[in-house]
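Please read the structure below before turning to the comments.
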Amino acid sequence: MVSTSALYCGLDLSTQQLKLTVIDDTLKLFAEEAVNFDRDLPEYGTVGGAKLSDLESTAPTLMWVEAVDLLFGRLKKSGFPFQRIAAISGCGQQHGSVFWREGAEIVLGSLKPTKSLRDQLDSAFTVEQSPIWQDSSTKKQCQELERAVGGAEKLAGITGSSAYERFTGNQIMKLAQNKPAVFAQTERVSLVSSFVASLLLGKYALIDVSDGSGMNLLDIIKKDWDDTLLRVCGCGADMRTKLGPVVETNTSLGSLSSYFVDRYGFSKGCRVVAFTGDNPDSLASLNLSIGDIVVSLGTSDTLFFPLKNPVPSTEGHVLCHPTQEDSYMAMIVYKNGSLVREQIRDRYAEGTWEAFNTAVETTDPGCGDRMGFFFMTPEITPRAKGVFKFENGDSVEEFSKPSVNPRALLESQLMSMRSHAKRIGYNEEQANRRIIITGGASQNNAIAALVSQIFGATVVRSSLGSGSAALGGAYRARFTSRRELGHTDSYQESLRTIAATQFIEVTKGDLPMFKQYTTLLPIYEKLEARVCELGHF
Ligand code: ADP
Ligand code: XUL
């Protein structure tokens, strides 16, 4: 039996911060903490947690390592009851990769609690700057991977996605091709998720099927690596050894490393459950009904929903479901999310969300025949880069009424979601449609209102705050460690106590507005096609 005073911890190593959520055995929130990379670890010089150049985007691997000690160190100072944590799980930003040097697992297994992780893992990585999901630099490798299996559709049929620059297989191939000696010294490649789990375990953690679906290497039906793709990606290296096997997401990987037990006072029996991607863990935090879709407004914007029968296409992604072994999740992803909203806020709305919201609320739908595309960094959906503005159908440098920019930005972000969601199977005719909004920007009521206007669906948000990905990790830690002890509830049943109270209605679907946006959608789609040509990269 797990003691009723047991606590469960979820971590989320996202783009801008490392977040922690702790729940008790009744699923109630017990504690939250976060380390913000730019603010708390300024010596690494990141902006928004990353180092961005034109097409490349990376983050210092040792910054992430140091963040783990910083986070637990803060909790220790505040007298946190580490010994009550029965299990830890969590997630990371998807697709990012960590390259462990030959011999690093021995170092991981013999960490001294008196020294920091950073000092001891100083030379554990062959690549100091981990490529992350904002990277768009592997076009060549993407083309090679698609060619190897007979085209984009074939690759999507196997892995759930056509080739995407940020997907880990293409990033690994780039290293194998451009720096073969460095790649040869690499003993193991982790995703950001399995990297954090590896620190906690004191040995290499296995990659889970859900985050593994974001690599362009996993056969999502067989739930195993595809050998043709491994061969092309690794340029002949033994990739099965470099990646290790994949496991179902709710798999207990072992006990917490003695480093954390001795340094912070965790209990020896504390379990580590496989980590996954932040979007899958966000899904795991929600007790969804059929027809629900989730719009996550974080550093990236994503839209996702569970589905039973995958129909992968060259549009969006299909990932293995993190908590239902016979299901999948469909997803579309945007790179220009919160950071672009911040830029437009700073440029056109006095740098405050209040002024931004006033500008949104005092501008008419359609912005008086104006539309904008704000791909400050190369966009994923659609593939284009640059800022493009149109007034009465004509391309303009700046709108004649610049105060419409905040609404024009949100309209194009959300109309794009509506347009692309339909192409990955979102049925907008279905009655009782509900959109769950999560992520940092979901707290903004003007944004929530626009979601209800453009999608015509009731908008709800979680009653437990916007950090849903870390919460999903905590729920999975509880479920999986209790299952190890003989509990037989399904994952869904394990969340039954939150089912009635987990969502707060923000606004009902605005049907007249929905109709108005339905007439604007074909205009948006036509301009988007034009922007894909103008902003080709
Ligand atoms: P991550 O993807 O790194 O987990 P979060 O989901 O925590 O990010 O979201 C962080 C973003 O939330 C910030 O970049 C910020 O722009 C945005 N945000 C926070 N509060 C608001 C608000 N009131 N209105 C709009 N955006 C907000
Ligand atoms: C998902 C993606 C982003 C990252 C952000 O495919 O690229 O949502 O997971 O953390």
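The values are calculated or read from the model by the stated rules, or taken from the named source; none is laboratory data. Note that the structure is a prediction, hence the values are computed from the model and not measured. Virtual Cβ from ideal backbone geometry, glycine too; neighbours counted across all protein chains shown.
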When residues of the range 246-279 are limited to those that are among the aromatic types (Phe, Trp, Tyr) and either buried (at least 21 other Cβ atoms within 10 Å of the Cβ) or within 25 Å of SER468 (Cβ to Cβ) (or both), the one nearest to ligand 2 (Cβ to nearest atom): PHE275
Pair list, Cβ < 6 Å and 6+ apart or interchain, from the range 369-391 residues that are free of Cβ contacts under 8 Å to residues at least 24 places away in the same chain to residues that are charged (D, E, K, R): GLU391/ARG370
Candidate set: the range 315-348, residues that are within 16 Å of ligand 1 (Cβ to nearest atom) and among the acidic types (Asp, Glu); chosen: the one surrounded by the most Cβ atoms within 10 Å (Cβ to Cβ): GLU342
All positions within the range 420-457 that are β-branched (Val, Ile, Thr), within 21 Å of GLY316 (Cβ to Cβ) and part of a helix (DSSP H, G or I): VAL451, ILE454
Hey, ALA104 hydrophobic (A, V, I, L, M, F, W, C), surrounded by 24 or more Cβ atoms within 10 Å (Cβ to Cβ) and either at pLDDT 95 or above or under 22 Å from the mean Cα position of the chain (by Cα) (or both) or not: no
Residue identified as in contact with a strand residue (DSSP E or B) (Cβ under 8 Å, 6 or more places away or on another chain), farther than 14 Å from GLN129 by Cβ, more than 14 Å from ligand 1 (Cβ to nearest atom) and touching a residue at least 60 places away in the same chain (Cβ under 8 Å) among LEU11, LEU41, LEU29: LEU29
Verdict on LYS179 being touching an Asp or Glu at 6+ places or on another chain (Cβ under 9 Å), more than 16 Å from ligand 1 (Cβ to nearest atom) and more than 24 Å from THR15 (Cα to Cα): no
Residue that is within 16 Å of ligand 1 (Cβ to nearest atom), in contact (Cβ under 8 Å) with a residue 24 or more places away in the chain, within 20 Å of the chain's Cα centre (by Cα) and not in a helix (DSSP H, G or I), where the choices are LEU471, LEU464: LEU464
Filtered residues of the range 45-63 (kept if part of a loop (DSSP other than H, G, I, E, B) and within 16 Å of ligand 1 (Cβ to nearest atom)): THR46, GLY48, GLY49
Tabulated pairs, the range 289-302, first over 15 Å from GLN134 (Cα atoms) and of a type outside the set (Val, Ile, Thr), second modelled with pLDDT under 90 and within 7 Å of ligand 1 (Cβ to nearest atom), C-beta under 9 angstrom, 6+ apart or interchain: LEU297/SER466
Strands (runs of 3 or more DSSP E) within the range 253-370 that include 3 or more residues in contact with a His (Cβ under 7 Å, 6 or more places away or on another chain) and among the aliphatic types (A, V, I, L, M): 328-334
Qualifying residues in the range 331-342 (those that are within 12 Å of ligand 2 (Cβ to nearest atom) and not polar (S, T, N, Q)) - the one farthest from ALA359 (Cα to Cα): MET331
Of residues in the range 417-458 being in contact with a Gly (Cβ under 7 Å, 6 or more places away or on another chain) and of a type in the set (Gly, Ala, Ser), the one nearest to ligand 2 (Cβ to nearest atom): GLY439
Test: GLN492 is within 30 Å of GLN516 (Cα to Cα) and of a type outside the set (D, E, K, R): no
Failed criterion for LYS401 (all others in (1) more than 16 Å from ligand 2 (Cβ to nearest atom); (2) farther than 20 Å from LEU450 by Cβ hold): (2)
Matching residues, the range 459-488, being closer than 26 Å to LEU414 by Cβ, crowded, with 18+ Cβ neighbours inside 10 Å and more than 16 Å from ligand 2 (Cβ to nearest atom): VAL459, VAL460, ARG461, SER462, LEU464
Any hit, the range 188-195, residues being more than 30 Å from ARG118 (Cβ to Cβ) and within 16 Å of ligand 2 (Cβ to nearest atom): no
Odd one out for ALA284, checked against (1) modelled with pLDDT of 95 or more; (2) within 16 Å of ligand 2 (Cβ to nearest atom); (3) within 18 Å of SER416 (Cβ to Cβ); (4) of a type in the set (Gly, Ala, Ser): (3)
Selection status of ILE106, aliphatic (A, V, I, L, M) and either within 16 Å of ligand 1 (Cβ to nearest atom) or in contact with a Leu (Cβ under 7 Å, 6 or more places away or on another chain) (or both): no
Matching entry among SER190, SER162, SER136 (being within 17 Å of GLN93 (Cα to Cα) and surrounded by fewer than 24 Cβ atoms within 10 Å (Cβ to Cβ)): SER136
Those residues of the range 382-392 which are touching a helix residue (DSSP H, G or I) at 6+ places or on another chain (Cβ under 8 Å) and not in a strand (DSSP E or B), in sequence order: PRO382, ARG383, ALA384
